[in-house]
Ligand code: IRO
């Protein structure tokens, strides 16, 4: 009942990890492959391996998480090797995330993917909030448009973009108008809400070391913002551009709400970090129960059908 068509492939269900969570190493990626998730995505890769920011750089907090990982990853070749060997034994197209720390690095990363045998779907992360001195690209609208123009000058494989959250109706309009110019496969909303601050009340102290405690917020805190972004883009983008809903998915009800807003695939970040890959099985069971109670047989019966007053 949860089958989800995305591009030309039908996944068993819409659930995935959010890039960054449980996908840094081959071992973690294999865990996801063995889990009930419909498919999974690799950690955002840079050209060279990166150590990332000093620890502690991630903290579970009562209603979610705060992180300033700083793009630690094993480098694009490590993940490309994994993806190429994965696709030899699996038919489901894998998702592959890249996040250069400059325009040129993004272009080089995508040239590498383009030149490779990779047959899956590439996600260009334009929203990392945690590399000191590097603003989130997709808050700069002319730069985003410029990058996508260059990318689509040579990149012919399926491509999506990971966006930061927007908070203003004018920004939804402006970003959608930019994205609609390009043959994107999808947009993924949202990345963590950048540069929040969590204080440990017993110590009067921040909980992560980088950037004096500032970091991206995920989990329950972000669901209303995530739903707003999914809905805003679902109602503004060309229907060929699908939406991946990410942010605040802890339960089947959260997954259901993202689908109601128009998401096609769903990514779980903070709750995967807290609960491990068993989270997928639980959320899928909860989502199926909700659908049975409401009399829906397929996700298509309610996707995007949010009612207004
Ligand atoms: O700090 C990170 O590695 C990180 C990335 I690239 C991102 O896109 N989102 C996030 O919350 N952390």
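Derivation of every value follows stated rules applied to the coordinates shown; laboratory data play no part. A quick note: this is a predicted structure, and the numbers were derived from the prediction, not measured. Reconstructed Cβ throughout: ideal geometry from the backbone, glycine too, with neighbour counts over all protein chains shown.
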Give the Rg (one decimal place) followed by the Dmax (whole number) of the range 63-144, computed from C-alpha coordinates and expressed in Å.
-> 14.3, 42
Once both labels are modelled 7 Å past Cα along the beta-carbon direction, what's the residue 281-residue 8 spacing in nm?
-> 3.4
Answer rounded, prolate or oblate for the range 29-92, using the Cα gyration tensor with square roots of eigenvalues a ≥ b ≥ c: rounded when a/c is under 1.5, else prolate when a/b is larger than b/c, else oblate.
-> oblate
Rg/Rh ratio calculated on Cα atoms of the chain (Kirkwood radius) = 0.94
Fully extended contour minus Cα-Cα distance, from residue 104 to residue 308, at 0.36 nm per residue | 69.1 nm
What's the FRET efficiency of residue 26 with residue 143 using the Cβ-Cβ distance as r and R₀ = 35 Å, to the nearest 0.05?
-> 0.55
Pseudo-spin-label distance residue 77 to residue 91, built 7 Å along Cα→Cβ, given in nm, is 3.4
What number, in percent, do you get for the relative contact order of the range 89-131 if the mean sequence gap of Cα pairs under 8 Å and at least 6 apart is divided by its residue count?
-> 54
Counting only the backbone N, which residues of the range 81-109 are under 14 Å from the spot 7 Å out from the Cα of residue 157 toward its beta-carbon?
-> 81-88, 93-99, 107-109
Using only Cα atoms, figure out Rg for the range 173-309 and give it as a multiple of 2.2 N^0.38 Å.
-> 1.18
Residues residue 63 and residue 167, FRET efficiency given R0 of 22 Å [Cβ-Cβ distance, rounded to 0.05] | 0.70
